[in-house]
Structures are given as structure tokens and as C-alpha cells.
1. How much FRET efficiency would the formula 1/(1 + (r/R0)^6) give for A100 and I70, where r is the Cβ-Cβ distance and R0 is 35 Å, rounded to 0.05?
2. Starting from the alpha-carbon convex hull of segment 24-163, give the projected area averaged over all orientations, in nm².
3. Take the alpha carbon gyration tensor of segment 125-250, find the square roots of its eigenvalues, order them as a ≥ b ≥ c, and report rounded if a/c is under 1.5; if not, report prolate when a/b exceeds b/c, else oblate.
4. Lys/Arg Cβ at +1, Asp/Glu Cβ at -1, dipole of segment 1-153 taken about the Cα centre: which of F21, I143, T90 is farthest positive-ward?
5. Can you pull the one-decimal nm distance between simple spin-label points at D107 and K181, each 7 Å off the Cα toward Cβ?
6. Note down the net charge around H232, summing +1 for each Lys or Arg and -1 for each Asp or Glu among other residues with Cβ under 13 Å from its Cβ.
7. For T177, T278, what ranking results if the residue with the fewest other Cβ atoms within 10 Å of its Cβ goes first?
8. For L87, L217, what's the fewest-to-most ordering of other Cβ within 10 Å of each Cβ?
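Readers should treat all values here as calculations from the given coordinates under stated rules, not as data from a laboratory. Keep in mind the model is a prediction, meaning the values are calculated, not measured. Here the Cβ positions follow ideal geometry from the backbone for every residue, glycine too, while neighbour counts run over all protein chains shown.
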Amino acid sequence: MNRRLTIWEQAQSLGHTRRDFLQFCTWLAAAAGIQASQVGQIVHALETKPRIPVVWFHFQECTCCSESFIRSSHPIVSDIILDKISLDYTQTLQAASGHAAEAALNDTMKKYPGEYLMLVEGSVPTGADGAYCCIAGRSALDIVKEAGAGAKAIVAWGSCASNGCIQAANPNPTGATPVHKIITDKPIIKVPGCPPIGEVMAATIVHLLTFDTIPQLDRVGRPMAFYSRRVHDTCYRRPNYDAGLFVESWDDENARKGYCLYKMGCRGPVTYNACGVTKWNNGVSFPIQSGHGCIGCSEENFWDNGPFYNHLSNLPGFGIESTADKIGVAVAAVTTVGLVGHAVLTAVRKRDIINEKVE
């Protein structure tokens, strides 16, 4: 059969029932943050649209994005990779190798121009004519340009593909470059993080599968469903921040009490990500919950934005000149004034009650 199967047809061929299929559609809606009223659209889309062909490239990276992706639990990644998309080429997960692997890539690009989805993990070195990263005798730069020309859309996995990450940190000897600076005429979705959260990666694919379009993006090209709020805004330590309760040094009593890590260099107030809500490893934890401050890995140039453990003096949300130290002092002063005021009012009330009894 030359025609590509729809997702529903693929599900049937694997022995899934109609009930299973409808449950899966509802699951997809929840994973992608889609309203329940739109589940019908999802069902129709997956009944009628063929599986989207996908090519997944790996360049200058540590493969932590793939490691995070395969540990996603909602939806189960094996379902997405094996059943719902047609993963035609990926250097780390495919069974084929050598000429057979490259033939699969070339076949996909020739058969489905303008239809396949291109996923990129890792930055692309542009120094020395791309010699720092070569696959099958070709530079990553050449591969990206060729595959990008026929792609329907591109997803940049992780901070390496989205903003260069550690490879692009000063002095950037390889000329590491994010994908959007090489391909400028295609829709590009950035899913930054080092690594990004597996469920965020999966939900991005789910949106593309369901609606055949890219999700709503923020000003730098990230899906707003997951990058519209600061880590600080959803952090469980936020009440301690507001109260001026900070960890002053590692392993001090304040650290054991779970106070705010801002003075230890936490970048949560200036970092946009879903870490505090979605978390990692099936929602078990995230760095701040493990006692380590956010390093801002979903923001551009985070490797060059100063040492990770430096005290950050400017504190957003409390005025331009506010600092963590001043907030702590101010909160303590307000608390003292409040206690004194409460004592005075209590004394006055007691005196009035006594006078009433005497009269």
C-alpha cells in the first residue's frame, strides 16, 4: 500500500478498539492542554490525517533531550514514536545504520517534500566549514540546510538547538549556532531546556499531530502553554521568597527548612518554564525541589550570564532598587512593627474591658 495510514487505521492494525482510540484522543487533549470541547476535532483529525513523516537529527549535543523524551509518561512516548508518527530517520533510535539509514532519510525528503516534520537536537557548528560535526561524510550545516529546505516545520529540541547552549558559550570555538539562525524561512518551534521536560516535548508533537499547525508561541518562539510563566511564579518556595526567608549558605538551617534559594543564585524569577508544574520523571521532582537553584537553562546565553551560584542583587517584583537583603530587613521590620502594634491594641482592649467591669 503506497498510501500512508491514518492514525486510526494504524491503531486498528495494531488491534486497538474504537474505545481505545477515543480514550487516546481524550488523553491527547489533556496532554496538550486542549479543551474537552475540542476532543471531537481531535478524533476527526486522527481518523482522516495520515501519520506525519518525521526526521530527527542529532548534532552537537549530549543526547539528554532524547533521554528526557523517552522518559515522558503523558502521553507514553513509545505510542507516539511507534504508532502515531512515522519516525523515518533518527541517528540514535533507528535500527538501520550506514547506507540503509541514509537511504531512509533521502527517501523521506524526496517522497514528502513540504510534508515532513524536522526535529533537531544539538547546535550546528559553522566554524571550519562545518568540519566539527560530520555525519555520513557530510557536515551538520549541509544536512540542516538540505533537510530544512523541504521541511513543513522544524522543532528545535533543547537549549543546544534553540540557543546554542554550552557549545556556544564564550569563546565558542566551533561556531556553534542555533537552528533558527541557519533556517530562516520555515516555522520553527523552540523547546529549550537542558534538557527540556519530556512531557513538554511530547505535547508539542501532539499539537502538531492534532491540529496540523504549530502551537501558539511566545516572543522568542517557545510554546506558550509551557513557557508563559516564570519558574518563580509556580515554585513551592515562593511564600518564603515573599516573606524574606532565604538560604544564606549551603546546608545551613534555612536550607534544611526549605527556604528560598534566590541568594544562592537561583534564576527562577527570570526563567520561563513549566518545571514547577510538570516536573521530571513522571512529576517526581525538579531541581529546586532537590535543593538546587534554577540555572535558567531555558533562557538564551544562560552559560554566559554569570556564575550559577552568584548572589543576584536586583530582585524583580519589589521595585527597581529592591534586593533580597533589603526585602528580608524590610519584612523583619514590618513584622516587628506589626507585633508591637498588636501588643498595644491588645493592651488597650484589655484596659477598656477592665474599666467596663469596674464601672
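1. My answer for the efficiency is 0.95.
2. 9.1
3. It is oblate, given that a/c is not under 1.5 and a/b is not larger than b/c.
4. F21
5. 3.7
6. In short, +2.
7. Lowest count first: T278, T177.
8. Ranking L87, L217 by Cβ neighbours within 10 Å, fewest first, gives L217, L87.
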